[in-house]
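S.K.: So that we are looking at the same thing, I have put the structure below in structure tokens.
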Amino acid sequence: MSEDEETQQRLNGGVWFYVNRTGFPMDDATWGRMWDYAAKIHPSGCAIQSGIRSQRTLPALALPHAPLSFAVSVTIPTRLTSIQKYLKQLQYNHTGTQFFDIKKNRPICGLMDCARDMICASLPIKCLEAVVLAVYLTNYFPGLDRFPISFRSNCRGNIHRHVVLALHHNGQYGCIGMSRRDDLMHKPIAFERLSDLIMDFICCYKKYDHDLEKVKIGATIPHDPHTYESIQWKV
């Protein structure tokens, strides 16, 4: 397998995409490959690339502020709503290159370093990055259990993969995450049983002509951001 092939992962969306493994600033090869992908899929083709890159100055963008702290009086559901709003403000990554290299077997302390990098860079993210970022932002929420749920669906023969951070608080379930579809990323903590949450996802997938083939439920994630344990993505 070539080096370029090794930098591709099929995590979601049913298409191959590249992963930035060189950190920031991105090297010339990764940067150029991302622009080539934009020119390939954009209706204006190469014109969109040259139009942007030829400009000496570009308008400044407002950067979202991560909800890193809350008053003690703020309820857990309200905090989670703020976090989900922040994830949406980062926006879904349509560039064809995942900006952060998330190794699922990496210790949690290392993934938390990635989460801090995401906050600093304030770039669009995909579903796996959103789970890691959500874990970081919910580490100090008392009484909140967190665990990953992974999905594999089939749409007209194309396999799509997705993951969210499931939540359990006061006897009820919900989740947060990132997706192209609003109803495939955020579910309020209002489901009495985990099976009810899963069934809601099944119904949402059906709306988009997806057959849900497999669901994987992971183990509860420790709240210690310094632990060398890894996230158990399935049990």
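The values are calculated or read from the model by the stated rules, or taken from the named source; none is laboratory data. It should be emphasised that the depicted structure is a prediction, and the values quoted were computed from it without experimental measurement. Quick reminder, even Gly has a Cβ in these numbers, built from the backbone with ideal geometry, and neighbours come from all protein chains shown. These area figures cover heavy atoms from the full protein model, side chains too; ligands, DNA and RNA do not enter into them. Shrake-Rupley method; radii C 1.70, N 1.55, O 1.52, S 1.80 Å.
S.K.: For the condition touching a helix residue (DSSP H, G or I) at 6+ places or on another chain (Cβ under 9 Å), modelled with pLDDT under 85 and either surrounded by 15 or more Cβ atoms within 10 Å (Cβ to Cβ) or closer than 22 Å to VAL164 by Cβ (or both), what is the one hit in GLN49, GLN98, GLN84?
M.R.: Numbers: GLN98 fails: modelled with pLDDT under 85; GLN84 fails: modelled with pLDDT under 85.
It is GLN49.
S.K.: Between a first residue in the range 104-124 that is farther than 18 Å from GLN84 by Cα and a second residue that is among the polar types (S, T, N, Q), which pairs have beta carbons less than 6 Å apart while being 6 or more apart in sequence or on different chains?
M.R.: Within 6 Å, the pairs are ASN105/SER230; PRO107/SER230; ILE108/THR227.
S.K.: Select, from LEU68, LEU61, the only residue that is without any contact (Cβ under 8 Å) to a residue 60 or more places away in the chain, among the aliphatic types (A, V, I, L, M) and open to solvent by 20 Å² or more (accessible area, probe 1.4 Å). Even if it seems obvious, please write down each step before you answer.
M.R.: Numbers: LEU68 fails: without any contact (Cβ under 8 Å) to a residue 60 or more places away in the chain.
Only one candidate qualifies: LEU61.
S.K.: Another question, if that's okay. Can you tell me which of (1) open to solvent by 50 Å² or more (accessible area, probe 1.4 Å); (2) closer than 29 Å to CYS120 by Cβ; (3) part of a strand (DSSP E or B); (4) out of contact with any Leu (no Cβ under 9 Å at 6 or more places or on another chain) is the one GLN232 doesn't meet?
M.R.: Answer for GLN232: the failing condition is (3).
S.K.: Let me ask something else. So which residues in the range 71-81 are in a helix (DSSP H, G or I) and either open to solvent by 20 Å² or more (accessible area, probe 1.4 Å) or modelled with pLDDT under 95 (or both)? Break it down stepwise before answering.
M.R.: Pass one, the range 71-81, residues in a helix (DSSP H, G or I): 76-81.
If the condition is that a residue be in a helix (DSSP H, G or I) and either open to solvent by 20 Å² or more (accessible area, probe 1.4 Å) or modelled with pLDDT under 95 (or both), then PRO77, THR78, ARG79, THR81 are the ones that fit.
S.K.: Please work out which residue is nearest to PRO222 (Cα to Cα), limiting yourself to the range 121-171 and to residues that are polar (S, T, N, Q) and surrounded by fewer than 23 Cβ atoms within 10 Å (Cβ to Cβ). Steps first, answer last, please.
M.R.: Taking the range 121-171 as the starting set, the residues that turn out to be polar (S, T, N, Q) are 122, 138-139, 150, 153-154, 158, 170.
Of the ones still in play, those that are also surrounded by fewer than 23 Cβ atoms within 10 Å (Cβ to Cβ) are 122, 138-139, 150, 154, 158, 170.
Values: SER122: 25, THR138: 11, ASN139: 8, SER150: 18, ASN154: 32, ASN158: 34, ASN170: 18 Å.
Filtering the range 121-171 for residues that are polar (S, T, N, Q) and surrounded by fewer than 23 Cβ atoms within 10 Å (Cβ to Cβ), the one nearest to PRO222 (Cα to Cα) comes out as ASN139.
S.K.: Give me the residue from the range 211-227 that is in a loop (DSSP other than H, G, I, E, B) and of a type in the set (A, V, I, L, M, F, W, C) and, out of that set, farthest from LEU111 (Cα to Cα). Outline the logic, then answer.
M.R.: Initial filter on the range 211-227 (in a loop (DSSP other than H, G, I, E, B)): 218-227.
This time we only want the ones that are of a type in the set (A, V, I, L, M, F, W, C), so: 219, 221.
On the way: ALA219: 16, ILE221: 12 Å.
Among residues in the range 211-227 that are in a loop (DSSP other than H, G, I, E, B) and of a type in the set (A, V, I, L, M, F, W, C), the one farthest from LEU111 (Cα to Cα) is ALA219.
S.K.: Being in contact (Cβ under 8 Å) with a residue 40 or more places away in the chain, out of contact with any Leu (no Cβ under 8 Å at 6 or more places or on another chain), in a helix (DSSP H, G or I) and over 19 Å from PRO77 (Cβ atoms), is that true of even one residue in the range 193-207?
M.R.: yes
S.K.: If a residue has to be within 21 Å of the chain's Cα centre (by Cα), basic (Lys, Arg) and open to solvent by 60 Å² or more (accessible area, probe 1.4 Å) to count, how many in the range 185-217 make the cut?
M.R.: 2
S.K.: Let me ask another. Is one or more of the residues making up the range 103-110 in a helix (DSSP H, G or I) and buried (at least 16 other Cβ atoms within 10 Å of the Cβ)? Even if it seems obvious, please write down each step before you answer.
M.R.: Narrowing the range 103-110 to residues in a helix (DSSP H, G or I): 108-110.
From what is left, the residues that are buried (at least 16 other Cβ atoms within 10 Å of the Cβ) are 108.
Among the residues of the range 103-110, at least one is in a helix (DSSP H, G or I) and buried (at least 16 other Cβ atoms within 10 Å of the Cβ), which makes the answer yes.
S.K.: Which residue is surrounded by the most Cβ atoms within 10 Å (Cβ to Cβ), if the candidates are limited to the range 172-184 and must be of a type in the set (D, E, K, R) and not in a loop (DSSP other than H, G, I, E, B)? Quick ask: steps written out before the conclusion?
M.R.: Within the range 172-184, the subset of a type in the set (D, E, K, R) is 180-183.
Within this subset, residues satisfying the condition of being not in a loop (DSSP other than H, G, I, E, B) are 182-183.
On the way: ASP182: 10, ASP183: 14.
The selected residue is ASP183.
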